[in-house]
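Structure record follows, encoded as structure tokens.
The values are calculated or read from the model by the stated rules, or taken from the named source; none is laboratory data. The structure presented is a predicted model; accordingly, all values stated were derived computationally and were not measured. Here the Cβ is made from the backbone with ideal geometry for all residues, glycine too, and neighbour counts use every protein chain on show.
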Amino acid sequence: MEDQWDVIIIGGGPAGSTTARYAASHGRKVLVVDGRENIGSPLQCGELVPSNEEMKRLCPKVPEIDDLFQTPDEAVSKKTEIMKIIPPSGKPLSFKFDGLVLNRVKHDEALVELAKKSGATYLTGKRVVDVIDNKVILKDGSEITGKIIVGAGGHHDVIRRKYWDEESLNIPVKFQLIEGEFGDDLELHFGTVAPGGYAWMFPKKSGANIGVGIQRKFSKGKSLNGYTESFIKEYGDSATFSGAGSLPMSGTIKTFVKGNYLLVGDAAGMVLPSNGAGITIAMIGGRIAGNVIHEHLEHGLPLKEYEKRWKKQMGQVMKNSKRSFKLGSLLLRFPDWFINLTFNRLTKSIIWRAITCRRMLFIY
Ligand SMILES: Cc1cc2nc3c(=O)[nH]c(=O)nc-3n(C[C@H](O)[C@H](O)[C@H](O)COP(=O)(O)OP(=O)(O)OC[C@H]3O[C@@H](n4cnc5c(N)ncnc54)[C@H](O)[C@@H]3O)c2cc1C
């Protein structure tokens, strides 16, 4: 293993592998270090992403969507067309939504393969414990040096924790894979079923991914475990897998670049708070970061260009999503009967626009 790299990326999830793929495609010497032996495992995800066509509608300023998202068929468990938004009354509002319920483990493995094909090198099963100047220090005591170092380690990223002091609101999430037949429609549930957050049921080719995310300050002392058990038991008790994690839900942080350090993906808060989407958003950030890193090393382009391009492509979508989340958090403080009243045919399009990060009333 060489110890001098153009770019060292800490974390090989969607953000890190996409950064690696684009930086390496320009001929940069890229190393991705990941603490996991098998990147993507164990599963920590609801596994839903929009299809490429849906992404073109949702993020209209993001260019070349089909180049960015090359999800192989074996990483898609089920294609869906309808999302049901379900208030406590149980009466759904249905929306057209072209989604892909993934096999997330295969999805992340495919991203690693794409990055390797572009020329990136992976060092797995090695945890990064510190980053000092240009040096990345591994748990086994060894050191590697990179001109640029990227924090793509998720919401606990080592660079973010050491060099950034901005806090994100992290929402705890639990989920299970359940056996059975769950139809073809995606479900998002709101109300006391998931205080301040939502519960989901995403059908897969076989079984479903079902989970709950809550804001603890709204949960009146009941644990996330309690909410998850109550929700999932409505669907059955044949769980084949249980997982948990945390989602940064306050949107992107103010700056993604400090000196020769860059943050990308969850580490930079690249999750849309109004719907919890992080996979595709991390990849959008990763592509911009990878390209800018190359242009910086090749032509001296300031690394801050990464933030500018992000704002141009995703600034409005993120702003809308943060605003919807704040309004949603206000609404979700109210009792279920009030939430039932607000989810109706008249508000239907506003609710959908809020969840999908559009301007709620066309004007502000
Ligand atoms: C339960 C749950 C459900 C979710 N459901 C969805 C969903 O349905 N759809 C969606 O779009 N998003 C979903 N998300 C969000 C999505 O998973 C994340 O936004 C996305 O994974 C972010 O990608 P990332 O590459 O930034 O981070 P991650 O995918 O978290 O990858 C980080 C990588 O960094 C490695 N790493 C971390 N620290 C170190 C270190 N110190 N040294 C070495 N390696 C390190 C980790 O091993 C990991 O491989 C969900 C999240 C959770 C927790």
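Would you mind finding the one in K61, K56, K84 that is basic (K, R), part of a loop (DSSP other than H, G, I, E, B) and modelled with pLDDT of 95 or more?
On inspection, the qualifying residue turns out to be K61.
For region 130-156, which positions are among the hydrophobic types (A, V, I, L, M, F, W, C) and not in a strand (DSSP E or B)?
Within region 130-156, the first condition is being among the hydrophobic types (A, V, I, L, M, F, W, C), and the residues that meet it are 131-132, 136-138, 144, 148-150, 152.
Matches in region 130-156: A152 only.
Identify, please: which residue in region 19-30 is buried (at least 24 other Cβ atoms within 10 Å of the Cβ) and part of a helix (DSSP H, G or I) and is, among those, farthest from the ligand (Cβ to nearest atom)?
In this case the residue turns out to be A24.
Condition check: buried (at least 21 other Cβ atoms within 10 Å of the Cβ) and either assigned to a strand (DSSP E or B) or at pLDDT 95 or above (or both). Does A267 satisfy that?
yes
Which of (1) of a type outside the set (K, R); (2) assigned to a loop (DSSP other than H, G, I, E, B); (3) surrounded by 15 or more Cβ atoms within 10 Å (Cβ to Cβ) is the odd one out, the single condition G285 does not satisfy?
Failing condition for G285: (2).
Can you tell me how many residues within region 90-115 are more than 19 Å from D66 (Cα to Cα), away from the ligand (no atom under 12 Å from the Cβ) and out of contact with any Asp or Glu (no Cβ under 9 Å at 6 or more places or on another chain)?
4
Take I137 and tell me if it is touching a residue at least 24 places away in the same chain (Cβ under 8 Å) and among the aliphatic types (A, V, I, L, M).
no
Quick one: which of G12, G16, G40 is in the same structural domain as G119 (by TED's automatic domain parsing), touching an Asp or Glu at 6+ places or on another chain (Cβ under 9 Å), near the ligand (Cβ under 6 Å from one of its atoms) and not in a helix (DSSP H, G or I)?
Of G12, G16, G40, the one residue that is in the same structural domain as G119 (by TED's automatic domain parsing), touching an Asp or Glu at 6+ places or on another chain (Cβ under 9 Å), near the ligand (Cβ under 6 Å from one of its atoms) and not in a helix (DSSP H, G or I) is G12.
Assuming W200 fulfils every condition listed in (1) within 12 Å of the ligand (Cβ to nearest atom); (2) surrounded by fewer than 23 Cβ atoms within 10 Å (Cβ to Cβ); (3) modelled with pLDDT of 95 or more apart from one, which condition is it?
(2)
Conditions tested, residue by residue: (1) out of contact with any Asp or Glu (no Cβ under 7 Å at 6 or more places or on another chain); (2) in the same structural domain as P63 (by TED's automatic domain parsing); (3) at pLDDT 90 or above.
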| site | (1), (2), (3) |
| --- | --- |
| I178 | yes, no, yes |
| L186 | yes, no, yes |
| G191 | no, no, yes |
| G211 | yes, no, yes |
| S219 | yes, no, no |
| E234 | yes, no, yes |
| V257 | no, yes, yes |
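If you check every pair at least six apart or on different chains, which have Cβ atoms under 9 Å apart with a residue in region 38-56 that is on the phi > 0 side of the Ramachandran plot first and a residue that is more than 10 Å from the ligand (Cβ to nearest atom) and among the basic types (K, R) second?
Short answer, once both residue conditions are applied: G40/K106; E47/K204.
Which of (1) within 16 Å of L303 (Cα to Cα); (2) free of Cβ contacts under 8 Å to residues at least 40 places away in the same chain; (3) within 14 Å of the ligand (Cβ to nearest atom) is the odd one out, the single condition V271 does not satisfy?
All conditions are met except number (1).
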